[in-house]
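Student: Shown below is the structure under consideration.
What follows is calculated from the coordinates using simple rules that are stated; it is not laboratory data. These numbers come from a predicted model, not from an experiment. As a convention, Cβ positions derive from the backbone with ideal geometry for all residues, glycine included, and neighbour counts pool all protein chains shown.
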Amino acid sequence: ILNVEQSPQSLHVQEGDSTNFTCSFPSSNFYALHWYRWETAKSPEALFVMTLNGDEKKKGRISATLNTKEGYSYLYIKGSQPEDSATYLCAFPDTGRRALTFGSGTRLQVQP
Amino acid sequence: DTEVTQTPKHLVMGMTNKKSLKCEQHMGHRAMYWYKQKAKKPPELMFVYSYEKLSINESVPSRFSPECPNSSLLNLHLHALQPEDSALYLCASSQDTGASSYNEQFFGPGTRLTVL
């Protein structure tokens with residue numbers, strides 16, 4: 001089973017702060033890295049699928065970068081809002097198991 | 001329709017009960033998944049179905065029995081569960097299995113199961 005790690009485990013920020021967190025994954029046999037946002041009582045929602053080294057993707061105030069050589073991805077949120085409060089999960093396809101291996105997530109709380 | 005639906009939302013059952021969880025998608029996806037998620041932990045894969053055939057069983061106890069009646073439906077039959085099986089059970093689907101970037105998984109909202 002692959003080792004996918006996320007840090008920090010949790011983060012409390014004030015509304016308007018910008019924040020970022022990290023996902024690290026095995027750098028060998030890279031195919032793709034997925035980012036999900038999971039709000040309480042809702043379905044995990046796909047944010048980004050990142051495939052190329054140096055990729056940078058953006059969706060509104062949220063962006064992500066990818067470094068496949070060193071095995072990490074950063075997720076950035078600019079000007080955090082209370083509605084950004086969620087757990088952010090990264091996931092790495094395990095070709096052996098033909099399924100995603102999830103990191104433990106970063107739980108973000110944005111205080112108004 | 002990009003939705004994965006799951007029923008019921010909540011389920012409370014005794015250790016001698018038999019119950020089933022249901023999952024449905026109409027996106028034409030050929031891979032469907034069951035995950036188990038305990039509090040403050042990531043989702044853990046239980047089963048993968050590919051083209052309606054069970055392709056992965058992650059050493060899940062036989063008291064959990066998956067079934068894929070057709071390409072849109074996935075069931076999880078529960079029998080003689082233990083209190084430690086209480087968790088959120090998530091269903092997901094994707095175009096296919098494999099590592100391709102196209103295999104983004106779409107999740108349902110989950111069934112919160114409590115075993116007394």
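Student: Rounded to the nearest 20 Debye, what is the dipole magnitude of the protein assembly as shown about its Cα centre when Lys and Arg each give +1 and Asp and Glu each give -1 at the C-beta?
Tutor: That gives the protein assembly as shown a dipole magnitude of about 380 debye.
Student: Just how many pairs of Lys in chain B have C-alpha atoms closer than 21 Å, counting pairs that are eight or more places apart or on different chains?
Tutor: 14
Student: Also: Counting alpha carbon pairs within less than 8 Å and at least 6 residues apart, what relative contact order, in whole percent, applies to chain A?
Tutor: Relative contact order for chain A comes out at 37 percent.
Student: Based only on the alpha carbon positions, what is the Kirkwood hydrodynamic radius of region A:1-68, in angstrom?
Tutor: 13.7 Å
Student: Per chain B: cysteines with no other Cys C-beta under 4.7 angstrom?
Tutor: B:C68, each lacking another Cys Cβ under 4.7 Å.
Student: Moving to a separate point now. Return the tail of the calculated pair distribution for chain B, meaning the percent of Cα-Cα pairs more than 17 Å apart.
Tutor: 51 percent
Student: In debye to the nearest 20, how big a dipole does chain A give about its Cα centre with +1 on each Lys and Arg Cβ and -1 on each Asp and Glu Cβ?
Tutor: 240 debye
Student: Right, another one. For chain B, set up a GNM with springs between Cα atoms under 10 Å and report which of B:A39, B:A87, B:A31 has the largest fluctuation.
Tutor: It is B:A39.
Student: To the nearest µm²/s, what D does Stokes-Einstein give for the protein assembly as shown at 10 °C and 1.306 mPa s, using the Kirkwood radius over alpha carbon pairs as Rh?
Tutor: 88 µm²/s
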